[in-house]
Amino acid sequence: MKQAYTIIADLHTHTIASTHAYSTVTEMVQAAAAKGLYALAITDHARTMPGAPREWYFSSLYELPLHYRGVMTLAGIEANVLDFEGHIDLEKKDGERLDWVVASIHHLPLEGLQKPDVEKCTYLWLQVAKNPKVHVIGHSGDPLYAYDIDKVIPVFGEQHKLVEINNHSFVARKENIANCKKIALACKKYGVPLVVNSDAHFETQVGNFADALALLEEIDFPEELILNASAQRLNDYLSRYSPIFRQRS
């Protein structure tokens, strides 16, 4: 019998501050409230992404109330992995004021290579895993940056990183889907928690997890390993691994 899941938090979303997204914070929160979500993370793109917010944006996100219109609203960022050493564009002052950090690959310098090798990408993610500021490994299924899943996924678990299954990938990054399934299977095999996120760029996409959940249902993924299927699990994680959340709550 296939699992049925209820996701209570959307932990990767974008506002008009990311200039390829089209809704305000208020509109995103209202959409989350209308869908009965417990929590929403605002995670606009960090500085090296074209069209990203200016330098003061993230250091001022503490202005967002933690509870807004009945939704716990996390001040976050989607940081970019910058190189094959695993550096990310998270400024120190931002890391000291944000509740939630997603780390994703968007565009990496390929150094003349047609495709980076698996060993190089494996090393990249192992380095990101060491970063205590990072909470979520964002949409890591890109076949261009394929990594050794059996080597990396257990380390994500050991380092308390949450592996994302990103619903937007089923629309915008369809080439990732096969690897998303492999990643989810590895999380199931090694008991590593994941999060299911919309990666919404417009208010109507908030809380849209249908494709990601269908994939998890197909492989009978354990509900107890989906962190954002439980408010208690989410709060416990934030209390342990987000010092800023502890200060704000």
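The values are calculated or read from the model by the stated rules, or taken from the named source; none is laboratory data. Everything quoted here is computed from the prediction, not taken from an experiment. Every residue, glycine as well, gets a Cβ built from its backbone with ideal geometry; the counts of neighbours run over all protein chains shown. These accessible areas exclude ligands, DNA and RNA; they are computed on the full protein's heavy atoms, side chains included. Shrake-Rupley method; radii C 1.70, N 1.55, O 1.52, S 1.80 Å.
So which GluC sites (Glu not before Pro) in region 114-185 pass both tests, a DSSP loop state and at most 16 other Cβ atoms within 10 Å of the Cβ?
In loop regions of region 114-185 (DSSP not H, G, I, E or B), there are no sparsely surrounded GluC sites (Glu not before Pro).
I'd like to check one number: the per residue accessible area of region 1-101, probe 1.4 Å, reported in Å² as a whole number.
43 Å²
Please tell me which of these pairs span more than 23 angstrom C-alpha to C-alpha: K151/K189; K115/K161; K120/K188; K161/K188?
K115/K161; K120/K188
Can you put W56, W100 in order of accessible area, largest first, using a 1.4 Å probe?
From most exposed to least exposed: W56, W100.
Measure out, as a whole number of angstrom, how far apart the alpha-carbon centroids of region 154-184 and region 75-124 sit.
15 Å
Can you tell me the accessible area per residue over region 194-249, all protein chains present, probe 1.4 angstrom, in square angstrom?
Computed with neighbouring chains in place, this is 41 Å² per residue.
Given the options L82, L215, L108, state which has the largest fluctuation in a GNM of the chain using a 10 Å cut-off (strictly under) for Cα springs.
Of L82, L215, L108, the most mobile in the Gaussian network model is L108.
I'd like the distance between the alpha-carbon centres of region 185-236 and region 15-50, rounded to an integer number of Å.
18 Å
I'm spelling it out carefully: the read-out is mean projected area of the Cα convex hull in nm², the candidates are (i) 12.1; (ii) 15.7; (iii) 12.8, and one was derived from this structure. Which label?
Recomputing mean projected area of the Cα convex hull in nm² here gives the entry labelled (i).
Based on the Cβ-Cβ distance of D148 and A178, what FRET efficiency does E = 1/(1 + (r/R0)^6) give at R0 = 25 Å, to the nearest 0.05?
Once the sixth-power term is evaluated, E becomes 0.95.
Sorted by accessible area (1.4 Å probe), largest first, how do T13, T6, T26 line up?
I get T6, T26, T13, largest accessible area first.
Compare D44, D199, D142 in a GNM of the chain, Cα atoms joined below 10 Å, and give the one with the largest fluctuation.
Highest fluctuation of the listed residues: D142.
Name the residue, out of R97, R233, R47, whose mean-square fluctuation peaks in a Gaussian network model built on the chain with Cα pairs under 10 Å.
Comparing R97, R233, R47 in the GNM, the peak value goes to R233.
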